[in-house]
């Protein structure tokens with residue numbers, strides 16, 4: 001410990017003993033400050049390095065959404081549907097009535113009245129938006145749902161959906 005003493009220069013034979021005071025900055029005071037600065041530095045570097053990492057998977061953003069409609073023509077998304085962002089055939093977890101379907105990021109999707117995606121149970125859909133010059137599926141009723149959010153089930157207000165299939169390639 002660094003100590004500053006007054007009276008060192010006084011005569012040692014004097015009856016007065018020197019008075020020693022701790023210095024303004026002692027090692028004991030600086031050690032905890034230095035420790036906490038190092039801890040803060042390590043935490044900040046760890047946080048910054050975590051932000052700079054790239055994800056190991058690429059996120060496609062592809063998903064399919066199902067909507068129901070109430071008696072006042074208000075839509076609500078059926079949000080408790082698992083695997084909406086994965087390609088392949090998936091069963092609807094509950095018996096849910098579907099009014100409208102939206103899909104983003106997949107090349108095409110199909111919706112089925114039965115579980116297991118059987119071809120004979122594919123539901124015919126129609127595009128309720130403007131006619132399209134680039135997407136012929138949006139001009140006539142079809143079982144092939146291309147990207148968009150305005151797909152209605154042909155001829156019915158709501159239909160119970162058993163499964164769906166989405167693919168990234170045709």
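The values are calculated or read from the model by the stated rules, or taken from the named source; none is laboratory data. Everything numeric in this text was worked out from a predicted model, so none of it was measured. Counting neighbours? That spans all protein chains shown, and the Cβs are built from the backbone with ideal geometry, glycine included.
For region 111-170, the set of residues classified as at positive phi and in contact (Cβ under 8 Å) with a residue 40 or more places away in the chain consists of 116, 117, 148, listed by residue number.
Just one of the listed residues (97, 115, 120) is assigned by TED's automatic domain parsing to the domain that holds residue 142 and either assigned to a strand (DSSP E or B) or surrounded by 15 or more Cβ atoms within 10 Å (Cβ to Cβ) (or both), and it is 97.
Candidates in region 132-162 are the residues that are touching a helix residue (DSSP H, G or I) at 6+ places or on another chain (Cβ under 8 Å) and in a strand (DSSP E or B); of these, the one that is surrounded by the fewest Cβ atoms within 10 Å (Cβ to Cβ) is 148.
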